[in-house]
1. With respect to the numbered conditions (1) touching a residue at least 60 places away in the same chain (Cβ under 8 Å); (2) over 29 Å from the mean Cα position of the chain (by Cα), which one is the sole condition not fulfilled by K364?
2. Determine whether S329 is within 20 Å of D116 (Cα to Cα) and without any contact (Cβ under 8 Å) to a residue 12 or more places away in the chain.
3. Considering only the stretch 536-573, state which residues are in contact with a Gly (Cβ under 7 Å, 6 or more places away or on another chain) and among the hydrophobic types (A, V, I, L, M, F, W, C).
4. Within the stretch 191-238, can you find the residues that are more than 30 Å from A149 (Cα to Cα), aliphatic (A, V, I, L, M) and touching a helix residue (DSSP H, G or I) at 6+ places or on another chain (Cβ under 9 Å)?
5. Taking A444 and the conditions (1) more than 19 Å from S470 (Cα to Cα); (2) among the hydrophobic types (A, V, I, L, M, F, W, C); (3) free of Cβ contacts under 8 Å to residues at least 24 places away in the same chain, which numbered condition does it fall short on, given that it satisfies the others?
6. Looking at (1) more than 30 Å from N475 (Cβ to Cβ); (2) touching a Lys or Arg at 6+ places or on another chain (Cβ under 7 Å), which one does V375 not meet, given that it meets all the others?
7. Out of everything in the stretch 515-561 that is acidic (D, E) and under 32 Å from the mean Cα position of the chain (by Cα), what residue ends up being surrounded by the fewest Cβ atoms within 10 Å (Cβ to Cβ)?
8. Look through E65, E43, E60, E70 and report the one residue that is of a type in the set (D, E, K, R) and within 21 Å of V207 (Cα to Cα).
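The values are calculated or read from the model by the stated rules, or taken from the named source; none is laboratory data. What you are looking at is a predicted structure, and each value in this text was computed from that prediction instead of being measured. Quick reminder, even Gly has a Cβ in these numbers, built from the backbone with ideal geometry, and neighbours come from all protein chains shown.
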Amino acid sequence: MIVDVISEDKGKAFLFCNEAIVRGALEADVKVVAFYPGSPVSEILDTFYQISDKMEVKMEIATNEKVALEIVAGASMGGQRSLTALKSVGLNVASDTFFSLGYTGVNKGCVMVFADDPYCHSSQSEEDGRFFAEYGYFPLLEPTDPVEAKQMVKEAFEISEKFQTLVLMRTTTRINHQSTVVPLEPLNRTKFMPSSFRSYNRSYATVGSRARELKSELLKKRDRLQAEFENSKYNTITGDTSDIGIITSGVSYNYVLEVVRKLNINPLILKLGTTNPLPNNLVKKFIEPLKSVIIVEELTPYLENKIKALSKDVNPQLTIFGKESGHFSEANEYNIPIVLTVIREVFNISSEHDYEKILLDANKLKSILPVRIPVFCPGCPHRATFWALQRAVGNNSDKIAFMNDIGCYSMLLLNKKIYSKLHPDDLLLAMGATIGTASGVSLASEDKVISIIGDSTFFHAGLPGMINISNNYENVVIIVLDNSVTAMTGQQPNPGTGYGPSGAPKHKIQIENVLKGMGFENIVINDCFDTKSCIPEFRKALEEPGPTVIISRGPCALWNDRNKRKRGEKIQPFFIDNEICRKCHTCMRDFYCPAISMESEEGEYIEESGKTWNGYSSHISMELCDGCGVCSILCPYTDHENRSEKDVIKPFSKEREVRHDL
């Protein structure tokens, strides 16, 4: 809870790990933070968003991760402690500036939290960001729980200032999403005092001969950091003396602890909390007397390869059980059954824990459940857009190429059977890649290329590709899904929202103005909730040569509902009049709104002509309906423009509510 994150009078609090990271930064007196939202670290941004004004923290939600890193680096160079947090693929975006910062260094404490995502819970690839630290020559800390995460963030600021370097803290999804009781220390916040960049008399320029000098200094700094980490309190050895040891880090340490308790053994365990530079002497001392060692780490054999190299000097006969031995996989995340299986085998222990049977039984139970694919929220503007686009494509499905992108609309990939005419699984690579690949496909083929991009992604990574399309007059249709916020990660504002942290007004960037400045001439703005009127514009764009940009505008349902509640407005749901419903199920079959289901009892409707309609009526859940009204536009027996009692789908009125209760 936010009140616990900023508490001055509590000795401990139950905190989400991302909240604990914020608390650690506050205790370290951080002054400037900047982020682009991305799971699994979004809550770090969200927490600062709610408290920045109370804690005198200057905060910006940047257009992308590269800009966010540059903001905090600049703040550090200007004399203020600063922090950013991003996900693994966000580090790719920031990497250009990132590697240069290794050479130039920073001034006041500067910390970057980055989260890898084993199993791709919310990412398009499994990346191991530890190599960024190694190749950039940055110190890297890896917590195992929220308590350690809070302490590491605080210490990271100290390390940063001692060595004048950006300090990295790597988490993974299972670390970020832990919760536990976290000891709190005094905040000791100081008043924000502007500093002077000139007063520090430092240069942060790197090019040519200067870069060569800086590289030499950087290598010396790495060696000093390595010596420092040899005695770090975050590297610990526990357990009884034996000839088999375990080396682990991060969330894998938690799995190891639970497994050894289940197996009732107490082996030697080296937990590494500083994984770059690796404390080589500590590792050598640990492995020297062993016959074998188990390396437990998710993703790549980062630790394993380093330990294998070290063992050649101190223990060349050491047997290493890890990924290269085939005991662990480089794919996906680990769990208790995976780690237990390996440790049980290496220690030659029989165990009553039969996880394979448990998994088999669970899968049998799951097999009888209906398949539930993720779909757009009730009232989502994207559902209305794609309904219209699918109808505009019609029988020309074999003549289009569909370039998808990162956002809520990525779910089209999971809904490809629903939107089969769009071929939504044609392509999905990275943020903004929909634009550049569209240019390439349009050059290579005669297909009409459709590119989908959200408003936040448009600002994040779409602008260079858009300029390229305009400059080269590519034969591409770009559909910008403008729902006013960065919806997928929690409805954070973007440059087109109009406000920032604490609701402070910001200059709202109009997408159409940006496009006009780029030279686009054919720009169309659709009200996506006026669904049928969107179809002709889509058809026209697909038939015309050259670039067309259609801005499909409609607010994110969750964000819009929140704003309505703030304004005291009620959400107006719709209902289906079962007495006159023809049971055609157009609303369900074509629109796939989760608020619409089917009645459990059969009904009958007889028209004035005598025609009889039998079957199960559709039903709209009052609790789920967001009141967008698109279903009433689609219903062939409803006149959305000229309302009457003959309409099958109507707005839910108070009068109707009384009748319903009776």
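1. (1)
2. Spelling it out, S329 is indeed within 20 Å of D116 (Cα to Cα) and without any contact (Cβ under 8 Å) to a residue 12 or more places away in the chain.
3. Selection gives A557, I571.
4. A205, A211, L214 - these are the residues of the stretch 191-238 that are more than 30 Å from A149 (Cα to Cα), aliphatic (A, V, I, L, M) and touching a helix residue (DSSP H, G or I) at 6+ places or on another chain (Cβ under 9 Å).
5. If we test A444 against (1) more than 19 Å from S470 (Cα to Cα); (2) among the hydrophobic types (A, V, I, L, M, F, W, C); (3) free of Cβ contacts under 8 Å to residues at least 24 places away in the same chain, just (1) comes out false.
6. (2)
7. D527
8. Numbers: E65 fails: within 21 Å of V207 (Cα to Cα); E43 fails: within 21 Å of V207 (Cα to Cα); E60 fails: within 21 Å of V207 (Cα to Cα).
Within the list E65, E43, E60, E70, the selection yields E70.
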